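J.: Pasting a structure here, questions to come.
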Amino acid sequence: MSRLVLAFAGGAASVLGLAVLPSPAGLLLPAMAGLLLWRRQAVIAMVLGGFAWTSLTATLRLASDWPCVRDRETVAMTAVVAAPATLRDGRIEFDVQLAKPDVADPRSRLRLSWYEPAAQPMPGQRWRLAARLRCRNGMANAGAPDRELDLLRQGIAGTGYLASDVTPVLIADERWRHPVERLRAVIAARIDAALPGRASAAVLQGLAVGVRGNVPDALWEAFATTGIAHLMAISGLHVTGCALFVLWLLRLAWRLPGCGQVRARTAIEMTVIVIVTTGYSVLAGASLPALRTLTMVSIVAWQRALRRTLPVHATLATAALLLVAADPLAMTSPGFWLSFVATAALLTLMDAGTGRLAWLVAFLRSQAAIFSLLAPVLMATFGRLSLVAPLVNAIAIPVFTFLLLPAILLATGLSVVAPDAAAGIWRALATPLDATWPWLQFAGHLPGATWSPAAQSLPLTVMATLFAFGSMLAPLRGLRLAATAVLLGLVLGRGERPAENAWTLTVLDVGQGLSAVVQTHDHVLVFDTGPRWRGGLTVARVTLLPWLRAAGIRGIDRMIISHGDVDHSGGSALIRESMPVGQIITGPDMAVAGAAGACRRGQHWRWDGVEFHVLNPPAGAVGSDNDNSCALMVAGRGGSALLLADPEASAESALLSQDIAADIVLLPHHGSRTSSSPGLVAAVRARLGIASTGLGNRWGLPDPGVVARWRAAGTSVLDTAQTGAVTIRFGAQRGHIDARANRLESGRWWQRTPLT
């Protein structure tokens, strides 16, 4: 059984490595071959079946996407709210399905944002509104989250925001359309009403009904750094706890007068447990870990009711097969792998023995096993590892399992039938939780609380996981030593560094903004940190910071903030909070605490054989913030790059008095018509120009005329909105320049196709 499940999963996983999906007609061959080989070669048949089924599922998902050729098109629609809304800073985010699907695919589910909302949409409500729709898009940077894949996995065909000049109108409240989602929203609203303005309200909403989007970023960061984020999502632990709690209540009920002689007690217990846990899993949002555990609970209950037994590993394999067959894209979810790997680790340590000491030893061993086995998965998925997680979880898991979870289950049930009674429980739970958050944040900020290893190759990550799991199944000293060595290599491995006299420039994909990183053999410079969105969120959290961690960069020698515009300086505070920054240089008229001073023409330094020259602004310069933005020339033996922010015509004229010829240039002002004058283009004589822009930005950047001007001068132009992050490696010898673009090098079928 396990071999067949692994074969099916392997076939499904192979689809994730494709750049282009096979056509539906092309899937007939592997499907037919699988059917013919089923009796003689079941393993091969399952591989082919997993491949064909996943490819077909992915093709159907992509067919409902909102097309990128219609990006930013404003569409009038009638839509039904399909899920509880999430409250963000200054906006509400909610999913809708089109009631009149004449403007898009009828299967489409769209995720919309309503800025300065006049109401909170509830599931089942039918609205008439106008929204500016965006195609399923994300920024493409190594080591960063893949938003396009995440949206596809959730069934989101497009995103958008409500047009400000059209007032949304509530047409009808059809609660029957999405009754479970409506109930989730109602319970979440009642928790919020019982705990107005308290951070614990958002946490309890997530624990009770899976509405986690309201949890403050500071708390999510504390959960991540202490390794207890898994407790904040409806996971296998929650569903298992629910099943055990129901079983305990039933065992108490059998002791009541007249209940002791009830026939078929086991069958009744198992039926009630399956019904209650199913209801809880659905009410909590049916997350993948919850569904995995629900499947296992159902299988075990079925066996108990029929008085049959099945090996635990076979139960786990059956659950995996059912989930992957129902939704092959579930394999792309970190929760899927974390859930199954953690369960597998626990299964290897089931023989706890008897007595309190034996149980304590088994619990500690299980924590060590889970920490070791999950380390490769966590590092590959999230880019960091919580070193305090074993200790924090050793305290948090028992408290959560035996105290918090039963109270949450009780309050959730009462919220439906007796809201006032439930409100009292929510308030009682919030008091100790609110007192806990400062301690969690303190633990997360302890020196060495987390470790961000450099991203390693997929084969090494897989090898480390297999070695760790194998050492638990077969506790041989040699195998354990090998597993420890591979894990240490994964955790302590360094990122790729340029050789002496060589250097690397990476222009990140940060949307409509700019962020670039220069690496020499022993030094790192960050030039701008990307934009800040409406509501205060910074793009650096999902672009620059993950990229730095994946590259093995744990400190920045110098950070230049070219000027104060939020599309260039938006992430500077986050980066300073997240890792050491040696020196900060800013544009004129910027007040940044701890800054060493402002950019001035003539500043110069040398790192590892690479020269850095500040070219703008000149001392005493007057003018706009854009014209006074920092300009930096970086030159080594292999070549040079001119890093420009937002200089316009007058600043470009001043630059012409210097030698600004460079192999690579960042197009000034993102390729705006107010910059890239003919004189500048001719003086730079670049081989490659890079425009850092956002897809479908409202300014139409880079301007087609500006791009044509650069190309006419012999400069190839790349646009990060189309290519993703661009990395240029300058060798230690003249002319050794290698340029690579993220989307062009590692494109996958779920990513939009670059137009460049």
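J.: Name the residues in the range 545-578 that are among the aliphatic types (A, V, I, L, M) and touching a Gly at 6+ places or on another chain (Cβ under 6 Å), would you?
T.: Across the range 545-578, the qualifying residues are ALA550, ALA551.
J.: Return the residue satisfying two criteria in turn: it lies in the range 404-419 and is without any contact (Cβ under 8 Å) to a residue 24 or more places away in the chain and in contact with a helix residue (DSSP H, G or I) (Cβ under 9 Å, 6 or more places away or on another chain), and of such residues it is farthest from ALA380 (Cα to Cα).
T.: Restricting to residues being without any contact (Cβ under 8 Å) to a residue 24 or more places away in the chain and in contact with a helix residue (DSSP H, G or I) (Cβ under 9 Å, 6 or more places away or on another chain), the top hit is LEU414.
J.: From the list LEU133, LEU129, exactly one residue is of a type in the set (A, V, I, L, M), in a strand (DSSP E or B) and either under 22 Å from the mean Cα position of the chain (by Cα) or assigned by TED's automatic domain parsing to the domain that holds GLY724 (or both). Which is it?
T.: Unique residue meeting the criteria: LEU133.
J.: If we scan the range 652-661, do we find a residue that is in a strand (DSSP E or B), in the same structural domain as VAL526 (by TED's automatic domain parsing) and either of a type in the set (Val, Ile, Thr) or in contact (Cβ under 8 Å) with a residue 12 or more places away in the chain (or both)?
T.: no
J.: List the number of the failed condition for ALA185; all other conditions in (1) over 21 Å from LEU110 (Cα atoms); (2) surrounded by 22 or more Cβ atoms within 10 Å (Cβ to Cβ) hold.
T.: Of everything listed in (1) over 21 Å from LEU110 (Cα atoms); (2) surrounded by 22 or more Cβ atoms within 10 Å (Cβ to Cβ), ALA185 misses just condition (1).
J.: Could you go through the range 530-543 and let me know if any residue there is assigned by TED's automatic domain parsing to the domain that holds VAL610, farther than 30 Å from PRO376 by Cβ, among the basic types (Lys, Arg) and over 21 Å from the mean Cα position of the chain (by Cα).
T.: No, every residue in the range 530-543 fails to be assigned by TED's automatic domain parsing to the domain that holds VAL610, farther than 30 Å from PRO376 by Cβ, among the basic types (Lys, Arg) and over 21 Å from the mean Cα position of the chain (by Cα).
J.: Taking the conditions exactly as written (in a helix (DSSP H, G or I), at pLDDT 85 or above, within 20 Å of VAL276 (Cβ to Cβ) and not assigned by TED's automatic domain parsing to the domain that holds ALA118), does ALA202 satisfy them or not?
T.: Criteria not met by ALA202.
J.: For the range 115-136, name all the residues that are surrounded by fewer than 23 Cβ atoms within 10 Å (Cβ to Cβ) and among the small types (Gly, Ala, Ser).
T.: Within the range 115-136, ALA118, ALA119, GLY124, ALA130 meet the criteria.
J.: Within the range 572-610, can you find the residues that are exposed (fewer than 15 other Cβ atoms within 10 Å of the Cβ) and touching a His at 6+ places or on another chain (Cβ under 7 Å)?
T.: HIS604
J.: Still on this structure, I have one more. Being in contact with a strand residue (DSSP E or B) (Cβ under 7 Å, 6 or more places away or on another chain) and either surrounded by fewer than 17 Cβ atoms within 10 Å (Cβ to Cβ) or not aromatic (Phe, Trp, Tyr) (or both) is the requirement here; does MET139 meet it?
T.: It is false that MET139 is in contact with a strand residue (DSSP E or B) (Cβ under 7 Å, 6 or more places away or on another chain) and either surrounded by fewer than 17 Cβ atoms within 10 Å (Cβ to Cβ) or not aromatic (Phe, Trp, Tyr) (or both).
J.: Just to confirm my filter: which helices (runs of 4 or more DSSP H) fall fully inside the range 206-316 and include at least 2 residues that are modelled with pLDDT of 75 or more?
T.: 217-226, 236-253, 265-283, 288-306
J.: A further question on this structure: Look at the range 547-559 and say how many of its residues are assigned to a loop (DSSP other than H, G, I, E, B) and in contact with a helix residue (DSSP H, G or I) (Cβ under 9 Å, 6 or more places away or on another chain).
T.: 2
J.: Also, quick follow-up: Within the range 385-393, does at least one residue satisfy the condition of being outside any helix (DSSP H, G or I), β-branched (Val, Ile, Thr), in contact with a Leu (Cβ under 9 Å, 6 or more places away or on another chain) and modelled with pLDDT of 80 or more?
T.: Yes, that holds for at least one residue.
J.: Any idea how many residues of the range 618-651 are assigned to a loop (DSSP other than H, G, I, E, B), in contact with a helix residue (DSSP H, G or I) (Cβ under 7 Å, 6 or more places away or on another chain) and without any contact (Cβ under 8 Å) to a residue 60 or more places away in the chain?
T.: Qualifying residue count, the range 618-651: 5.
J.: Here is a follow-up. For the range 8-114, which fully contained strands (runs of 3 or more DSSP E) count at least 1 residues that are surrounded by 20 or more Cβ atoms within 10 Å (Cβ to Cβ) and without any contact (Cβ under 8 Å) to a residue 40 or more places away in the chain?
T.: Of the strands (runs of 3 or more DSSP E) lying wholly inside the range 8-114, those with at least 1 residues that are surrounded by 20 or more Cβ atoms within 10 Å (Cβ to Cβ) and without any contact (Cβ under 8 Å) to a residue 40 or more places away in the chain span 91-98.
J.: Considering only residues that are more than 17 Å from LEU21 (Cα to Cα), in contact (Cβ under 8 Å) with a residue 60 or more places away in the chain and in a loop (DSSP other than H, G, I, E, B), which ones fall in the range 721-756?
T.: GLY724, ALA725, GLY731, ALA732, GLN733, ARG734, GLY735, HIS736
J.: Collect the residues in the range 415-458 that are of a type in the set (S, T, N, Q), at pLDDT 90 or above and crowded, with 16+ Cβ neighbours inside 10 Å, keeping them in residue-number order.
T.: Correct list: SER415 only.
J.: Among the residues of the range 550-557, are any crowded, with 16+ Cβ neighbours inside 10 Å, farther than 24 Å from MET633 by Cα and among the aliphatic types (A, V, I, L, M)?
T.: There is at least one residue in the range 550-557 that is crowded, with 16+ Cβ neighbours inside 10 Å, farther than 24 Å from MET633 by Cα and among the aliphatic types (A, V, I, L, M).
J.: How many residues are modelled with pLDDT under 95 and among the aromatic types (Phe, Trp, Tyr) if we restrict to the range 512-543?
T.: Count: 1.
J.: Please count how many residues of the range 568-617 are part of a strand (DSSP E or B) and either β-branched (Val, Ile, Thr) or outside the structural domain of GLN733 (by TED's automatic domain parsing) (or both).
T.: 6
J.: Under the condition of being part of a helix (DSSP H, G or I) and free of Cβ contacts under 8 Å to residues at least 24 places away in the same chain, which residue from the range 692-720 is nearest to GLY513 (Cα to Cα)?
T.: Per the stated criteria, the residue is PRO704.
J.: Of the residues THR504, THR461, THR401, THR412, which is touching a Lys or Arg at 6+ places or on another chain (Cβ under 7 Å), surrounded by 12 or more Cβ atoms within 10 Å (Cβ to Cβ) and among the β-branched types (Val, Ile, Thr)?
T.: Of the residues listed, the single one that is touching a Lys or Arg at 6+ places or on another chain (Cβ under 7 Å), surrounded by 12 or more Cβ atoms within 10 Å (Cβ to Cβ) and among the β-branched types (Val, Ile, Thr) is THR504.
The values are calculated or read from the model by the stated rules, or taken from the named source; none is laboratory data. These figures come from a predicted structure and were not determined experimentally. In this analysis, Cβ positions are derived from the backbone assuming ideal geometry, glycine residues included, and neighbour counts consider all displayed protein chains.
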